[in-house]
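The values are calculated or read from the model by the stated rules, or taken from the named source; none is laboratory data. Remember, it's a predicted structure, so these values are computed and weren't measured experimentally. Positions of Cβ are generated from backbone atoms using ideal geometry, with glycine treated the same way; all protein chains shown enter the neighbour counts.
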Amino acid sequence: MSLAPEDPILEAIFSGLDLLGPGGPEVARYLAHGLELRPGLSLLEVACGTGRTACQLAREFGVAIVAMDLASWALRAAAARVAREKLEARIQLRRLDMRELPRPFGGRGFDAVLCEGAAHLVGLGAFARSVAPLLKPGGKLALTHLCYVVEPERVPADVRAFLSEDGEGLPAVGSLEQALQEVAEAGYERGFAYPLPREAYELYYGPVRDSVRRLRAQGMRSPVLDRFEREIEIYYGKGGFETAAYVAIVAEREE
């Protein structure tokens, strides 16, 4: 089941939450160091969600950021966060569809591109190719991406079944080696990767679990809630992330 960005159930689940996927401050910091961010550089964040990462990187690394997302409810939360942290001079928010990249930006101009957990929506290789024209020579791409990190036969059947169902209409989950190869074939020097730490899942799934329980207690019924409950039980509760994990990938655009 694919999830529509403007689904009101999604807005209800993530209302007041920081993360729309596994991650958090330490993951963002690791990606920023991989991108070699520093004052004066420019960053495009694709699928910025609530703006948590954009605000952290603008604050800690002094970069100028264009942060884009398609979900209007997420951008409203991001705008409130940017205003609250007084970062309007460093962060520009735009409502854009990642499937339209690179057209909205009209060519290169960013030192780095970041995308946490959303590249699969268009396919990892297709996404990497779409943002390559936006990077200056030597610019870097960093992302987090879900892939199998063990041999297929070691992945529990219920985890495989959930990911197959969840990926209806989307590119299939592949291995880490396949992910690195797709990025390389998209015009980047072969990158490096590491699995996200357990804390990255705790920071995401803990609040989401509480939010889903709250909505259930209010009498809400929805296939979207069913999907999140199943993910929490199978993928997180049973340790699915030990076999199908989000990995952080950083790669440099070829000259």
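Listing for the model above:
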{"item": "Some residue of segment 207-215 being outside any helix (DSSP H, G or I) and buried (at least 16 other Cβ atoms within 10 Å of the Cβ)", "result": "no"}
{"item": "Subset of segment 172-186 that is hydrophobic (A, V, I, L, M, F, W, C) and in contact with a Lys or Arg (Cβ under 9 Å, 6 or more places away or on another chain) - its residue that is surrounded by the most Cβ atoms within 10 Å (Cβ to Cβ)", "result": "Val183"}
{"item": "Of all residues making up segment 63-100, the number that are more than 15 Å from Thr50 (Cα to Cα), in a helix (DSSP H, G or I) and among the aliphatic types (A, V, I, L, M)", "result": "1"}
{"item": "Residue match in segment 117-126 (condition: touching a strand residue (DSSP E or B) at 6+ places or on another chain (Cβ under 9 Å), within 24 Å of Ala184 (Cβ to Cβ) and of a type outside the set (Gly, Ala, Ser))", "result": "yes"}
{"item": "Selection within segment 32-76 - touching a Lys or Arg at 6+ places or on another chain (Cβ under 9 Å), without any contact (Cβ under 8 Å) to a residue 60 or more places away in the chain and on the phi > 0 side of the Ramachandran plot", "result": "Gly51, Gly62"}
{"item": "Residue list for segment 206-234, filter: of a type outside the set (S, T, N, Q), in contact (Cβ under 8 Å) with a residue 60 or more places away in the chain, touching a helix residue (DSSP H, G or I) at 6+ places or on another chain (Cβ under 6 Å) and closer than 29 Å to Tyr30 by Cβ", "result": "Val212, Phe228, Ile234"}
{"item": "Search result, residues across segment 168-193 that are among the small types (Gly, Ala, Ser), part of a loop (DSSP other than H, G, I, E, B) and at pLDDT 80 or above", "result": "Gly174, Ala186, Gly187"}
{"item": "Condition met for Tyr236 (surrounded by 15 or more Cβ atoms within 10 Å (Cβ to Cβ) and modelled with pLDDT of 90 or more)", "result": "no"}
{"item": "Subset tally (residues that are closer than 20 Å to Trp73 by Cα and not in a loop (DSSP other than H, G, I, E, B)) for segment 14-43", "result": "1"}
{"item": "For Glu11: the one exception among (1) closer than 29 Å to Lys136 by Cα; (2) not in a loop (DSSP other than H, G, I, E, B)", "result": "(1)"}
{"item": "Top-ranked residue in segment 1-47 [being among the β-branched types (Val, Ile, Thr) and in contact with a strand residue (DSSP E or B) (Cβ under 7 Å, 6 or more places away or on another chain); ranked as surrounded by the most Cβ atoms within 10 Å (Cβ to Cβ)]", "result": "Val46"}
{"item": "Residue within segment 86-107 that is under 26 Å from Arg221 (Cβ atoms) and buried (at least 18 other Cβ atoms within 10 Å of the Cβ) present", "result": "no"}
{"item": "Condition met for Glu255 (assigned to a loop (DSSP other than H, G, I, E, B), modelled with pLDDT under 95 and not basic (Lys, Arg))", "result": "yes"}
{"item": "Residues (among the charged types (D, E, K, R), over 23 Å from Glu182 (Cβ atoms) and in contact (Cβ under 8 Å) with a residue 40 or more places away in the chain) located in segment 81-130", "result": "none"}
{"item": "Single residue of segment 117-167 satisfying the filter (among the β-branched types (Val, Ile, Thr) and farther than 25 Å from Lys238 by Cα) that is modelled with the lowest pLDDT", "result": "Val122"}
